[in-house]
Amino acid sequence: GARREERDWVWFNSLTTTAVDQRLTLWQDIQVALEENQFFLAFQPIYNLSSNQPVSAEVLLRWRHPQQGLISPAVFIPFAEQTGLVKRIDLWVLNAVARQLRQWSKQGLSMPRLALNLSGISFLRPDFELMLNNAFSEDFALLKHLEFELTEGVLIEDMERIQDRIDSIRQLGVQIAIDDFGTGYSSLSRIRNLAIDHIKIDRSFIDDIESSPQSCKIIEAILHLAHGLRLKVVAEGVETEAQLHELRQMGCDLVQGYLLSRPLERADYEALLNEDLEI
Ligand code: C2E
Ligand code: CA
Ligand code: CA
Ligand code: CA
């Protein structure tokens, strides 16, 4: 289960001595990982709280390093963002997701939407739409099964530029979510002019539901304002029945977390789609 995945994570411990050497090793290892397909995708279902059905899944990147074992994206994504390597990683993920959707479509599987994490630099690069077109050139209709999760960090950029990009991407049928909401710069006033689809409330607020009335008040305020803007709200990191119960009471739309399902490897996710499990 979830515990097992956490236990398997290793921190990046190279045998070299200095921090510079370690960073160089990590940089080289990421290049190799991209070339030799050491990355793979995990899928964590997202459930609709009215239908109790899984309606989409977040795509989470996994790296099986030949010597180090499973390395968490929490370790290598921040490094990749600092060094610009994240553009290559995001492109790899985009192509892998397109390939996966094509395969499921050929197999006739009912396909929920896939939400993938995209760094701000990838989303705002001038050739991003070209990358998207290339990845989906075999079947543009599959773009309707795609969603991008952008963190609030992207919102500190020029709003007009972000708005133009979001508008042109959404015209293709792709949905947009703002991830980790409540932790960074963005506020609802800042996003009110953006045509987005979902807000994902950061896990830290969900963690505190049982212990902090203030966290509950913040969640309620986010729900109220988001619904006023016709946005759907996802609560991430739901781990307990009590949290799920509270979120239901508060009128949250969608939930994701270890209580419902941990991130699954492809075969397990496909099995879950066939089971049509309710919560
Ligand atoms: P995130 O986008 O906020 O993803 C949610 C994280 O919470 C994931 O960690 C997920 O496994 C974890 N999680 C889900 N449910 C629960 C729960 O109930 N409890 C707890 N404690 N954790 C839960 P993960 O997979 O380690 O990913 C970490 C971060 O790495 C992500 O945070 C995202 O920022 C980044 N990331 C992951 N995959 C990609 C990717 O393909 N591209 C990019 N650019 N970033 C990625
Ligand atoms: Ca995310
Ligand atoms: Ca998040
Ligand atoms: Ca995060």
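Summary of computed values
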quantity: Probe 1.4 Å, accessible area per residue of region 155-244, Å²; calculated: 51 Å²
quantity: Taking the chain and dividing mean pair separation by its residue count, relative contact order in percent (alpha carbons under 8 Å, at least six apart); calculated: 19 percent
quantity: Reach of Lys144 by Cα under 17 Å, taken over lysines that are not fewer than 8 positions away in the same chain; calculated: Lys106
quantity: Bridge type composition, the chain - antiparallel percent by DSSP, nearest 5; calculated: 40 percent
quantity: Whole-percent carbon and sulfur share, accessible surface of region 22-76, 1.4 Å; calculated: 49 percent
quantity: Set of lysines with alpha-carbon distance to Lys217 below 26 Å, sequence-local pairs under 8 removed; calculated: Lys200, Lys232
quantity: Of Leu229, Leu94, Leu130, the one that fluctuates the most in a GNM where the chain has Cα springs shorter than 10 Å; calculated: Leu130
quantity: Accessible surface of region 145-225, 1.4 Å probe, proportion on carbon and sulfur as whole %; calculated: 45 percent
quantity: For region 192-279: rounded, prolate or oblate by the Cα gyration tensor [a/c cutoff 1.5]; calculated: oblate
quantity: Farthest positive-ward along the chain dipole, Cα basis, beta-carbon charges - from Leu109, Leu172, Leu94; calculated: Leu172
quantity: Shape call, region 165-214: gyration tensor on alpha carbons, a/c limit 1.5; calculated: prolate
quantity: Most mobile listed residue (Ser212, Ser261, Ser119) in the chain, GNM with C-alpha springs under 10 Å; calculated: Ser212
quantity: Positive minus negative residues near Ile209 (Lys, Arg vs Asp, Glu; Cβ under 12 Å); calculated: -4
quantity: Length-normalised contact order of region 162-279 in % [C-alpha pairs under 8 Å, at least 6 apart]; calculated: 20 percent
quantity: The chain, helix-only ellipticity at 222 nm - DSSP H runs n ≥ 4, -39,500 (n - 2.57), divided by all residues, nearest 500; calculated: -13500 deg cm²/dmol
quantity: Kirkwood-based shape ratio for the chain, expressed as Rg/Rh from alpha carbons; calculated: 0.95
quantity: Global geometry of region 65-212, whether rounded, prolate or oblate, following the gyration tensor of its Cα atoms and the 1.5 cut on a/c; calculated: rounded
quantity: Cut-off 10 Å between beta-carbons: net charge of the residues surrounding Phe43, Lys and Arg +1, Asp and Glu -1; calculated: -3
quantity: Among Glu58, Glu236, Glu129: highest mean-square fluctuation, GNM of the chain, C-alpha pairs under 10 Å; calculated: Glu129
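The values are calculated or read from the model by the stated rules, or taken from the named source; none is laboratory data. This structure is a prediction, so every number in the text was calculated from the model and none was measured. Virtual Cβ from ideal backbone geometry, glycine too; neighbours counted across all protein chains shown. When the accessible area is computed, the model is the full protein with side chains, heavy atoms only, and any ligands, DNA or RNA have been set aside. Shrake-Rupley method; radii C 1.70, N 1.55, O 1.52, S 1.80 Å.
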